[in-house]
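Below is one structure, written out as structure tokens, with a few remarks after it.
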Amino acid sequence: MFVDVAVIEVHAGTGGSGAEAFRREMGVPRGGPSGGDGGRGGDVIVRADKQLSTLLDYRYQRHYRAERGQHGMGKNRTGKDGASLVLRVPPGTTIIDDETGVVLGELLEDGEEIVVARGGRGGRGNAAFATPTRRSPRYWEPGEEGEERRIRLELKLIADVGLVGQPNAGKSTFLAAVSAARPKIADYPFTTLQPNLGVVELPGPRTFVIADIPGIIEGAHEGRGLGLRFLRHIERTRTLAYLIPVDVGDPQAEYELLREELRSYSSDLAEKPHCVVLTKTDLLAPDEAPPELEAPDAWGVYAVSAVARRGLPELLEDLWSHVREAIEEAWEEEPQPETYRP
């Protein structure tokens with residue numbers, strides 16, 4: 001089951017209380033206070049793990065609590081710190097404070113982590129309050145409560161190319177033809193019920209990842225169909241491919257519809273570089289040309305047949321070139337560490 005949104009409540013550990021104690025040793029009269037401090041409560045940490053692909057683990061359990069710190073003890077012994085709780089999520093997960101809507105962070109790389117709730121500080125024991133004029137204090141501090149927070153986990157798949165199209169546009173067939181992915185393929189609408197990822201391997205070796213999301217229909221930005229829920233999964237792609245079957249009534253109108261739906265959902269998504277792919281050309285007669293389509297904003301228009309595997313090599317090479325170009329541009333825009341020069 002593919003789960004890409006989960007709301008959970010996290011509770012960091014409470015700090016241990018300080019101790020009230022006095023030294024009792026033979027030959028040491030009035031040994032003075034010896035109550036140790038309490039240990040710190042454990043944090044709640046969210047960590048990216050590339051072994052995971054969905055948020056399914058958080059569908060059935062809502063509350064997560066880190067370990068509390070142990071209380072201080074006599075002989076100036078500090079209580080043990082509580083163990084932190086690590087919640088593992090797939091790379092590409094965004095953590096949001098569900099009450100305020102504030103984005104706490106994004107985990108994009110394997111091993112990245114963020115503390116979403118900090119454990120409480122341990123209380124001081126009576127030894128910490130001893131002064132030259134107050135040598136036998138009989139009070140101590142309780143431990144602080146750990147932070148509590150309701151957080152929303154949203155998974156956005158990390159892919160290089162996103163496939164956009166209406167139901168039965170041939171996206172799943174295309175993905176199966178160019179990668180090792182095996183999405184369900186059928187001739188009825190909304191065969192794809194969840195996003196699928198496929199890795200394309202070119203000679204070199206060169207690889208990039210393609211994301212196939214459920215079909216987008218008119219009114220998707222208003223909640224119709226399945227596409228709206230999964231559009232977030234192509235927000236991180238570097239380029240888009242609009243797939244339009246040649247047997248559709250008006251390819252130009254379908255292209256404009258897809259552009260408008262993405263624009264209504266997110267202007268940033270609509271402005272992403274894209275190409276247009278006319279699919280199912282095997283349905284055309286041998287001497288029939290693909291339909292004309294005007295796409296001035298696209299960096300290319302291609303006619304392919306995933307079933308007959310026609311036109312795929314050229315398209316994949318161009319997709320790779322634009323993915324590499326986007327990666328290089330992103331690298332140049334990032335601030336690079338200064339090189340030390342004596």
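The values are calculated or read from the model by the stated rules, or taken from the named source; none is laboratory data. Please read all numbers here as calculations on a predicted model, not as lab measurements. All Cβ positions, glycine included, derive from the backbone under ideal geometry; neighbour counts span all protein chains shown.
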Matching entry among Gly111, Gly82 (being outside the structural domain of Pro195 (by TED's automatic domain parsing) and either part of a strand (DSSP E or B) or under 19 Å from the mean Cα position of the chain (by Cα) (or both)): Gly111
Leading residue by the ranking (surrounded by the most Cβ atoms within 10 Å (Cβ to Cβ)) among those in the range 56-104 that are among the charged types (D, E, K, R) and within 30 Å of Gly125 (Cβ to Cβ): Arg68
Single unsatisfied condition, Phe129 versus (1) of a type in the set (Phe, Trp, Tyr); (2) buried (at least 17 other Cβ atoms within 10 Å of the Cβ); (3) closer than 30 Å to Leu155 by Cβ: (3)
Any chance Arg47 is charged (D, E, K, R), at pLDDT 90 or above and crowded, with 21+ Cβ neighbours inside 10 Å: no
Qualifying residue in the range 148-157 (condition: surrounded by fewer than 21 Cβ atoms within 10 Å (Cβ to Cβ), assigned to a loop (DSSP other than H, G, I, E, B) and either at pLDDT below 90 or charged (D, E, K, R) (or both)): no
Residues of the range 8-27 satisfying the condition of being farther than 22 Å from Pro142 by Cβ and more than 49 Å from the chain's Cα centre (by Cα): Arg23, Arg24, Glu25, Met26, Gly27
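How about the range 269-294: which of its residues are among the aliphatic types (A, V, I, L, M), outside any loop (DSSP other than H, G, I, E, B) and touching a residue at least 12 places away in the same chain (Cβ under 8 Å)?
First, the residues of the range 269-294 that are among the aliphatic types (A, V, I, L, M): 269-270, 276-278, 283-285, 289, 293.
Then drop every residue that is not outside any loop (DSSP other than H, G, I, E, B), which leaves 269-270, 276-278, 283.
Answer for the range 269-294, where residues must be among the aliphatic types (A, V, I, L, M), outside any loop (DSSP other than H, G, I, E, B) and touching a residue at least 12 places away in the same chain (Cβ under 8 Å): Leu269, Val276, Val277, Leu278, Leu283.
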Search result, residues across the range 296-333 that are of a type in the set (A, V, I, L, M, F, W, C) and crowded, with 18+ Cβ neighbours inside 10 Å: Ala298, Ala303, Val304, Ala306, Leu312, Leu315, Leu316, Leu319, Trp320, Val323
Residues satisfying the stated conditions in the range 257-289, i.e. of a type in the set (S, T, N, Q) and closer than 18 Å to Leu319 by Cβ: Thr279, Thr281
Residue check, Arg134 surrounded by fewer than 23 Cβ atoms within 10 Å (Cβ to Cβ), touching a strand residue (DSSP E or B) at 6+ places or on another chain (Cβ under 8 Å) and over 30 Å from Leu283 (Cα atoms): no
Hits in the range 13-30 (condition: in contact (Cβ under 8 Å) with a residue 12 or more places away in the chain, over 15 Å from Gln70 (Cβ atoms) and not basic (Lys, Arg)): Glu20, Phe22
Test result for Leu163, in a strand (DSSP E or B) and modelled with pLDDT of 85 or more: yes
